[in-house]
Every structure is written in C-alpha cells, then in structure tokens.
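Engineer: To start, I am sharing the structure in question, which I have written as structure tokens.
The values are calculated or read from the model by the stated rules, or taken from the named source; none is laboratory data. Everything numeric in this text was worked out from a predicted model, so none of it was measured. Because the Cβ atoms are built from the backbone with ideal geometry, glycine has one as well, and the counts that use them run over all protein chains shown.
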Amino acid sequence: METKQNFAAYWRMNLTYVVILLSIWFLVSYVCGILLADVLSHIYIGGFRLGFWFANQGSEVIFVILIFVYVNLMNKLDKRFDVEEK
C-alpha cells in the first residue's frame, strides 16, 4: 500500500534525477558548446577541435547517454519503491 510519504519521496528523487541530468546537459551544450568553445578549440580529438565537437555533436551524444542513464536510474528507483511495471 502506497502512502503519501512514499509517493512524495519517490517524486522528490525523480525530480532530483531530472535536475541533475538536465544540469549536466546544460553544462555540455551551453557552457562547453557555446561559452567555452573557443577555449576548447585548442584541444583536438580525432582531428577535430573539441569546441567544434561539443557545438555540433557533443550535446546530442550526451543527451542520448543521459536518456539511458535516466532509464537505468528510474528502473532502480521503481524497484526501490515497489512501483515497477510488471
């Protein structure tokens, strides 16, 4: 039986995960891709400037990775609060 405390704790953890993951995505896409692009352009990876990579592909790649991380975290959270799909 779910209680209001369990429900509140579940959503608090869910929102914590969302805020942390979106903060990471913001840092990668906005800070690294826009604000630090010139600084990162002095570093080369695979023949491409790192600032160019972050601005063009980095935010998308990190976003897809963060989706998988979020799914994994939510599956664990669902099991912890016994609300997983059956």
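Engineer: So which of A55, A9 ends up being surrounded by 12 or more Cβ atoms within 10 Å (Cβ to Cβ), assigned to a helix (DSSP H, G or I), touching a residue at least 24 places away in the same chain (Cβ under 8 Å) and over 15 Å from the mean Cα position of the chain (by Cα)? Before the answer, list the steps.
Structural biologist: Numbers: A55 fails: touching a residue at least 24 places away in the same chain (Cβ under 8 Å).
Step by step, each of A55, A9 is checked, and only A9 is surrounded by 12 or more Cβ atoms within 10 Å (Cβ to Cβ), assigned to a helix (DSSP H, G or I), touching a residue at least 24 places away in the same chain (Cβ under 8 Å) and over 15 Å from the mean Cα position of the chain (by Cα).
Engineer: If I filter region 28-36 for residues that are farther than 30 Å from A9 by Cα and not in a helix (DSSP H, G or I), do I get at least one hit?
Structural biologist: yes
Engineer: Quick check, is G47 loosely packed, with under 11 Cβ neighbours inside 10 Å, small (G, A, S) and farther than 20 Å from V18 by Cα?
Structural biologist: yes
Engineer: Hey, any hits in region 23-34 for a residue that's in contact with a Cys (Cβ under 8 Å, 6 or more places away or on another chain) and free of Cβ contacts under 8 Å to residues at least 40 places away in the same chain?
Structural biologist: The first filter runs over region 23-34 and keeps only residues in contact with a Cys (Cβ under 8 Å, 6 or more places away or on another chain), leaving none.
No: region 23-34 contains no residue that is in contact with a Cys (Cβ under 8 Å, 6 or more places away or on another chain) and free of Cβ contacts under 8 Å to residues at least 40 places away in the same chain.
Engineer: Further question: Mind checking which pairs have a first residue in region 69-86 that is in a helix (DSSP H, G or I) and a second that is of a type in the set (A, V, I, L, M, F, W, C) and surrounded by fewer than 10 Cβ atoms within 10 Å (Cβ to Cβ), Cβ under 9 Å, 6 or more apart or different chains?
Structural biologist: none
Engineer: So which of I67, I43 ends up being within 11 Å of the chain's Cα centre (by Cα), modelled with pLDDT of 90 or more and farther than 15 Å from M13 by Cα? Quick ask: steps written out before the conclusion?
Structural biologist: Values: I43 fails: within 11 Å of the chain's Cα centre (by Cα).
The conditions single out I67.
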